[in-house]
Amino acid sequence: MDGGPGAGPASGSEESDLYGLLGIDKTATADEIKKAYRKAALQYHPDKVPEEIREESEAKFKSISRAYEILRDEDKRHLYDTHGMAAFDGRGGAAGPEVDLNDVLSQMFGFGMGGPGPRRPRRGPDEEQEYKVTLEELYRGKTVKFSADKQIVCGTCKGTGARSNVKPQQCEKCRGAGMSEAFQQIGPGLVRKATVICDRCEGSGNFHKEKDRCKKCKGKRTVSEKKVLEVYIPRGSMNGERIVLDGEADQFPDQTPGDIVFHLVEESHDVFTRLGHDLSAELTVTLAEALSGFSRVVLTHLDGRGIHITRPRGKVLRPGDVLKVPGEGMPLKRGDTKGDLYLVTKVVFPEDGWLKDDKEHEILAKLLPPPGPPIKADEVDEVDYEDDADIDQFGSSHGRQGMGGQWEEDDDADEGGPQCQQQ
């Protein structure tokens, strides 16, 4: 997926050397890794570089971010040092194991196929949420920093839930399996036997007395930690796109953390409407400008620039006419290309009585094109009319609904020919 600090780096030996990407040695400490990442991220951040090298810088920024995500985590760093990038899948986390038939059967039918140890997911669940963004933010790109409370594996007991040097005791309820059988109601009068996580040991397979539990996590094996996270939304991102923070979901013992996934929700705009990579807006002109042309700033763009339009004299603008402004739409993620801007004309007519006297009316009538030839008729009726009629009421007085009425031929059709009948 394009965008987001969690996107994988480009292939190649250079991009696979995570230490080289950050400019550090393999013996670097956690603080040295963090300092190197901040320095590199500041150098290659897409918002900090000129437009002509933004695409290359954005790819480098993603690679640096991924290198930092792996090397700052002790377990991931150990996997990388031991197996290289082959230990990671396309999302930057540890490569997932093959599908276990026992796990599938347990989830579908509520029973296992035997075998030692708990049948638990090897990867934690993803945390998905919506993130609202304005059209201005999608036009310019945005970097957001926020603090989040997340569960991490207790560093004191390393996720065991017990004090040091305490020998774990097998859970009597699940007999160390981490799973137990329970009856679940699936409908009126219907009950099935299902395999669920043991509620006594919470799936660990071990149980500790209160005096033997870890003082920091109280035996829960995880603790809450406030962490500062950064989300990068590339310019030109679309409504509904996913921004993924690899491995930043809550941690669980014996599991690889899931991802935090943001779904972009584009808020409506007062001026612009987005159509893919193009934009449309209303161009409001006076009757004088529509007839005689103009040269002025017609609107303010999403980045604050004024858009200046020159309409020469002699080219009349009519209501609904569309003007295309090439290259003033939404930016594409790669390169400097942008979509187009389409301006839909709206002509503002003057209020009644804006001409002061008959002389001004005569002058205007001489300036404007004359009416067409008169309509000839054998008989002429002069009728009254109403202003501001409601077109939605058309046909209602005759029992018809708009133009959707039903019709029947008055004349007899030719014998053997098709008939027009009421449906």
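Taking 0.36 nm per intervening residue step and subtracting the Cα-Cα distance, what contour gain separates Ile152 from His277 on full extension?
On the way: separation 125, 0.36 × 125 = 45.00 nm, distance 4.07 nm.
Here the answer is 40.9 nm.
Would you mind checking Lys132/Lys226; Lys76/Lys226; Lys76/Lys193; Lys142/Lys216; Lys62/Lys150; Lys26/Lys209 for any pair whose Cα atoms are more than 30 angstrom apart? Before the final figure, lay out each step's value.
Working: Lys132/Lys226 23 Å; Lys76/Lys226 21 Å; Lys76/Lys193 38 Å; Lys142/Lys216 38 Å; Lys62/Lys150 23 Å; Lys26/Lys209 42 Å.
Checking Cα-Cα distances, Lys76/Lys193; Lys142/Lys216; Lys26/Lys209 exceed 30 Å.
How would you rank Cys217, Cys201, going from fewest to most other Cβ atoms within 10 Å of each one's own Cβ?
Working: Cys217 22, Cys201 26.
Placing the least packed residue first, the sequence is Cys217, Cys201.
Please identify every one of the GluC sites (Glu not before Pro) in the stretch 276-369 that sits in a loop by DSSP and has no more than 10 other beta carbons within 10 Å of its own beta carbon.
On the way: sites: Glu282, Glu289, Glu328, Glu351, Glu360, Glu362; in loops: Glu328, Glu351.
Loop-located and lightly packed - Glu351.
Provide Ile233, Ile391, Ile186, Ile309 in ascending order of the number of other Cβ atoms located within 10 Å of each residue's Cβ, fewest first.
On the way: Ile233 21, Ile391 6, Ile186 11, Ile309 15.
Final ranking by Cβ density, sparse to dense: Ile391, Ile186, Ile309, Ile233.
From the P(r) of the stretch 222-286, could you give the percentage of C-alpha pairs in the tail past 16 Å? Write down the numbers at each step before the final one.
On the way: 1326 of 2080 pairs.
Summing the P(r) of the stretch 222-286 above 16 Å gives 64 percent of all pairs.
Each label point is 7 Å from the Cα along the Cα-to-Cβ direction; what then is the distance between the points at Glu267 and Asp388, in nm?
It is 3.5 nm.
If one computes the Cα centroid of the stretch 293-322 and of the stretch 134-154, what distance in Å separates the two points?
The stretch 293-322 and the stretch 134-154 have Cα centres spaced 37 Å from each other.
Determine, for His208, His277, the number of other Cβ atoms within 10 Å of each Cβ, and report the residues in order from fewest to most. Intermediate results must be reported in sequence, preceding the final value.
Working: His208 21, His277 16.
Lowest to highest Cβ neighbour count: His277, His208.
Assuming a viscosity of 1.306 mPa s and a temperature of 10 °C, what translational diffusion coefficient in µm² per second does Stokes-Einstein assign to the stretch 173-310, Rh being the Kirkwood radius over Cα pairs? It would help to have the intermediate numbers written out before the result.
Details: Rh = 22.1 Å.
Answer, rounded: 72 µm²/s.
At q = 0.12 Å⁻¹, what is the log10 ratio I(q)/I(0) for the stretch 305-381, with the Debye formula run over Cα points and no solvent?
With one equal scatterer per Cα and no solvent, log10 I(q)/I(0) is -0.67.
Can you tell me how much longer the chain between Leu287 and Asp212 gets when fully stretched, taken as 0.36 nm per residue apart minus their C-alpha distance, in nm with one decimal?
Details: separation 75, 0.36 × 75 = 27.00 nm, distance 8.54 nm.
Extra length available between Leu287 and Asp212 comes to 18.5 nm.
Computed over the Cα atoms of the stretch 277-326, what is the ratio Rg over Rh, Rh following Kirkwood? If you can, show how the numbers build up before the last one.
Values: Rg = 11.4 Å, Rh = 11.9 Å.
Radius of gyration over Kirkwood radius for the stretch 277-326 works out to 0.96.
Read the figures in this text as sums done on the coordinates, not as results from a lab. If you're wondering where the values come from, they're calculated on a predicted model, not measured in any experiment. Cβ atoms come from the backbone with ideal geometry, glycine included; neighbour counts cover every protein chain shown.
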